[in-house]
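Following: one structure in structure tokens, then a few remarks.
Where a number appears in this text, it was derived from the coordinates with a stated rule and is not lab data. In this text the structure is predicted, and so the values were computed from the model without any measurement. Don't worry about glycine lacking a Cβ; one is built from the backbone with ideal geometry, like all the others, and counts go over all protein chains shown.
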Amino acid sequence: MSNTAYGGTSGNTIGKGAEGSLGKERIHCNGLKVTGSVEAGNVVPGTISKITSTGVTQAIPTSVNYVEIISTTGADLLTLADGREGQEITIMLVTDGGSVALTPATFANGTTLTFATINFNVVLRFSATGGWHTVGTPTAVVA
């Protein structure tokens with residue numbers, strides 16, 4: 001069974017290729033419309049994880065691409081395992097109950113990120129040659 005991808009007024013058929021399968025989705029390139037679920041190497045696009053940080057070290061899941069941190073006690077600790085080549089994740093402090101320190105397993109820009117104020121955030125991209133890299137200018141403090 002093949003899947004259909006539409007681009008403009010002409011359509012192209014996409015079958016299962018060496019890189020994997022689209023499953024049963026239809027992708028419309030003009031205005032990008034996706035019907036069904038699209039998997040990007042274990043990261044489901046648009047998925048959000050909300051982490052309530054309570055003073056116990058917690059791991060940020062690498063299976064999502066957006067994380068909201070809810071800090072309730074201050075001095076919270078988070079970890080982030082290595083991702084896959086090209087993977088991006090956005091992390092934002094949405095409730096400020098105190099500073100939150102994030103320690104990625106491999107971090108090209110330093111050793112930790114600190115989220116000290118509401119809306120402090122960072123976008124990270126993973127590279128096999130350097131680990132997590134900041135994208136743009138983070139408001140989270142890099143150390």
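Fully extending the segment from LEU77 to THR111, taken as 0.36 nm per residue of separation minus the present Cα-Cα distance, adds 10.9 nm.
Quickly work out the LYS50-to-GLU85 label distance, labels modelled 7 Å from Cα along the C-beta direction, and quote it in nm with one decimal. In this crude spin-label approximation the distance works out to 3.7 nm.
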